[in-house]
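Worksheet: one structure, shown below.
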Amino acid sequence: MAKKQEAEKELKAKQAEIQDADLKSVKEKENIESEADSKFIDEIKSNTWITPEGDFDWDQDEKGFGNYSADERAKLEEQYAGTFNSVNKGEIVEGTVVSINNKDVVLNIGFKSDGLVSLSEFRDLSDLKVGDKVDVFVESREDENGQLVLSRKRAKTQKSWEAINEALENDTIINGYVKSRTKGGLIVDIKGVEAFLPGSQIDIKPIRDYDIYVGKTMEFKVVKINHEFKNVVVSHKVLIEDDLENQKSEIVAKLEKGQVLEGTVKNITDFGVFIDLGGVDGLLHITDISWGRIEHPKEVLSLDEKINVVVLDFDDEKKRIALGLKQLTPHPWESLDSALTVGSKVKGKIVTVADYGAFLEITPGVEGLIHVSEMSWSQNLRSPQEFLKVGDEIEAEVLTLDREERKMSLGIKQLTPDPWKNIAERYPIGSKHKAVVKNMTNFGVFVEIEEGVDGLIHISDLSWSKKINHPNEFTKVGEELDVVVLELDEENRKLSLGHKQLEENPWDTFETIFTVDSIHEGTVLKVTDKGDIVALPYGVEGFCPSKHSIKEDGKALKAEESAQFKIIEFNKEAKRIVISHSRIWEDERAEARIEEFNNRKKEAKAASNAVKKVKDSVEKSTLGDLDVLAQLKEQMEDEEGSKKSK
């Protein structure tokens, strides 16, 4: 602790010594400066200076220059001010390059001070030199440093906007430099202002490569300006269209039908090709490209290909031109083999398949129609797609041939024997066969016994016992059925078949089983608005009307519910059985009521007989008493009469 106090005392002592030394040095410095000032004053006093008398004019030098009167000064100031231009903020003035350094360009615009412009604003002027004159924009006559502020970039932009607006108003042409490609078009530099050139406005023909225009200087017309967003849209296409419009009028005026012209494939579509005829477009329809059938024009032509075409038709007003290519070559029908006649066999390729048939191309431009009815001997018409497809190479027989109309019909079924010849020998009436279900209608089933031999099984000939509303309840397409020939019409190619005839008619037996009023067990299969379909024994179905399906408890029978039914109608010819469930318990109730009535009747008759016997016995025993009473009654009546007379 003592050592610490001693250290603090030593530290304070040293600080005091330092302060004394500083004060001493300051005083010495003040004394030195004081001595220097005194010496300087003495030197001034020792010099022989002339003390001016009166007011001294500080604007006058030793030669007397600047010794002007007030009028002279005002006149000189006016002359000096006249050497400067009047410069206002926001205007564009012409400046002269005074000097150029690494960063700036010094410009003289005739103002009292020169202006500085960044060298980067002169990048487009690689040969800029002193003395060149350029336009600049006055941003400020004097900034915070007193410097004149100029901008060449703003001057260029403002003058460009003026030129662009003037071009739009006057519909004049303006030059621009294509800077780069962007989505949907190109960016064009018009004197420092960026404008958008849509892809559709570059040329009259579709452009596939925009990059070929980048770096080019082109002519444009301003088509739209958005002043709010400073957007400019230009078009090069309108310049071409203006030129082409004049060319079109000249070309159309010289057109003639049948004239052969050279053109360039400009555009290819699904329906045809647009041909550039040197300023005007014509349409070469797909049907006029080739005598043969083609799916797309690209199969024959390609873009930018030069071809000869013939003028088929044109419209002076709308400047529409219809062109043809196939017309430059002879029609294939003219060179068709003269030996080709009806019955000839031809080979070719299927080029089209339609709902009604298929077209067979024998040679390019010569086609024949194979109607669907000529594809198979079958009377059950099917889709042509089941027989043929595009590209199939087949043989056919010529059925009709018209060289003038250039039409031909063909058949392929004629290449195979007609299955209906001698059909009666192969399918006599009553013969049994197997057939395949091909089609179904509401009235029956069409089956095929063999290729080309079809027959109909009427819906009534499918089953003896079941009532069939539609054939699909009994069979399905593709299923094999046993059939028997019922009728045969060879001339009209009709065959009537049956399926149920393979079995004996069970209704002869059913007639003895399902007699009227007989009762049978049955199960409800289906409930309808009119009644229930009920399955009876032996696979027979009966119909129970709604009013006859009521149970004893008042509720109706439901599907899949079993109960007893009474036969109330049996029709063998119509294969109809009408049944009733309610009739059973209703009849039971009626019988019970009749029996009760008969019992009561018997009881009443017995009681009546007993009363009669009692009455007879009473009459015999009291007959004498009745006479006495009658006499007494007569006497009493006489007495009462006499009393009244008194």
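The values are calculated or read from the model by the stated rules, or taken from the named source; none is laboratory data. Values in this document were obtained by computation on a predicted structure and should not be read as measured data. Reconstructed Cβ throughout: ideal geometry from the backbone, glycine too, with neighbour counts over all protein chains shown. These accessible areas exclude ligands, DNA and RNA; they are computed on the full protein's heavy atoms, side chains included. Shrake-Rupley method; radii C 1.70, N 1.55, O 1.52, S 1.80 Å.
Descriptive notes on the structure:
- Segment 169-196, residues that are farther than 15 Å from G215 by Cβ and either open to solvent by less than 40 Å² (accessible area, probe 1.4 Å) or of a type in the set (K, R) (or both): I174, K183, G185, I190, K191, V193, A195
- Condition check for T528: out of contact with any Lys or Arg (no Cβ under 9 Å at 6 or more places or on another chain), among the polar types (S, T, N, Q) and modelled with pLDDT under 90: no
- Per-region count, segment 304-351, residues of a type in the set (V, I, T), touching a residue at least 40 places away in the same chain (Cβ under 8 Å) and either touching a Phe, Trp or Tyr at 6+ places or on another chain (Cβ under 8 Å) or over 30 Å from F387 (Cβ atoms) (or both): 7
- When residues of segment 329-348 are limited to those that are of a type outside the set (A, V, I, L, M, F, W, C) and surrounded by 16 or more Cβ atoms within 10 Å (Cβ to Cβ), the one modelled with the lowest pLDDT: P332
- Boolean, K159 is open to solvent by 10 Å² or more (accessible area, probe 1.4 Å), within 19 Å of K237 (Cβ to Cβ) and either touching a strand residue (DSSP E or B) at 6+ places or on another chain (Cβ under 9 Å) or modelled with pLDDT of 75 or more (or both): no
- For segment 305-317, the candidate set comprises residues that are in contact with a Lys or Arg (Cβ under 8 Å, 6 or more places away or on another chain) and surrounded by fewer than 19 Cβ atoms within 10 Å (Cβ to Cβ); within that set, the residue that is nearest to Q259 (Cα to Cα) is L312.
- Subset of segment 384-432 [open to solvent by less than 40 Å² (accessible area, probe 1.4 Å), in contact (Cβ under 8 Å) with a residue 40 or more places away in the chain and of a type outside the set (G, A, S)]: D392, I394, E397, V398, M408, L410, I412, D418, P419, W420, I423, Y427
- In the set N165, N88, only one residue is modelled with pLDDT of 65 or more, exposed (fewer than 12 other Cβ atoms within 10 Å of the Cβ) and under 30 Å from I190 (Cβ atoms); that residue is N88.
- Within segment 127-144, the set of residues being exposed (fewer than 10 other Cβ atoms within 10 Å of the Cβ) and modelled with pLDDT under 75 comprises E144 only.
- Condition check for K558: in contact (Cβ under 8 Å) with a residue 12 or more places away in the chain, assigned to a loop (DSSP other than H, G, I, E, B), on the phi < 0 side of the Ramachandran plot and not β-branched (V, I, T): yes
- The residue list Q147, Q60 contains one member that is farther than 26 Å from K191 by Cα, at pLDDT 70 or above and either open to solvent by 60 Å² or more (accessible area, probe 1.4 Å) or not hydrophobic (A, V, I, L, M, F, W, C) (or both), which is Q147.
- K494 meets all of the listed conditions (1) surrounded by 18 or more Cβ atoms within 10 Å (Cβ to Cβ); (2) within 30 Å of G455 (Cα to Cα) but one, namely (1).
- Search result, residues across segment 449-487 that are surrounded by fewer than 18 Cβ atoms within 10 Å (Cβ to Cβ), over 20 Å from P506 (Cα atoms) and in contact with a strand residue (DSSP E or B) (Cβ under 7 Å, 6 or more places away or on another chain): N472, K476, V477, G478, E479, E480, E487
- Flag if I362 is in contact with a Gly (Cβ under 9 Å, 6 or more places away or on another chain), part of a strand (DSSP E or B), open to solvent by 20 Å² or more (accessible area, probe 1.4 Å) and of a type in the set (V, I, T): yes
- Segment 561-580: number of residues that are outside any strand (DSSP E or B) and within 60 Å of the chain's Cα centre (by Cα): 4
- Output for segment 539-569, where each listed residue is touching a Gly at 6+ places or on another chain (Cβ under 8 Å) and open to solvent by 60 Å² or more (accessible area, probe 1.4 Å): S562, Q564
- Strands (runs of 3 or more DSSP E) within segment 153-252 that include 2 or more residues out of contact with any Cys (no Cβ under 8 Å at 6 or more places or on another chain) and of a type in the set (G, A, S): 173-182
- Answer from K500, K530 - the residue that is charged (D, E, K, R), closer than 17 Å to E569 by Cα and out of contact with any Cys (no Cβ under 6 Å at 6 or more places or on another chain): K530
- Some residue of segment 543-554 being in a strand (DSSP E or B), touching a helix residue (DSSP H, G or I) at 6+ places or on another chain (Cβ under 7 Å) and modelled with pLDDT of 80 or more: yes
- Out of R320, R293, sole residue that is open to solvent by 60 Å² or more (accessible area, probe 1.4 Å), more than 26 Å from I240 (Cβ to Cβ), touching a strand residue (DSSP E or B) at 6+ places or on another chain (Cβ under 8 Å) and not hydroxyl-bearing (S, T, Y): R293
- Considering I190, I204, the condition of being among the hydrophobic types (A, V, I, L, M, F, W, C) and closer than 23 Å to L125 by Cβ is satisfied by I190 alone.
- Residues of segment 474-505 that are in a loop (DSSP other than H, G, I, E, B) and among the β-branched types (V, I, T): T475, V477.
A quick yes/no check of all residues on (1) outside any loop (DSSP other than H, G, I, E, B); (2) touching a helix residue (DSSP H, G or I) at 6+ places or on another chain (Cβ under 8 Å); (3) of a type in the set (S, T, N, Q):
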| position | (1), (2), (3) |
| --- | --- |
| W377 | no, yes, no |
| V390 | no, no, no |
| I394 | yes, no, no |
| L401 | yes, no, no |
| E405 | no, no, no |
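- Checked against the criterion of being free of Cβ contacts under 8 Å to residues at least 24 places away in the same chain, closer than 28 Å to S463 by Cβ and small (G, A, S), the candidates G522, G539, G531 yield just one match: G531.
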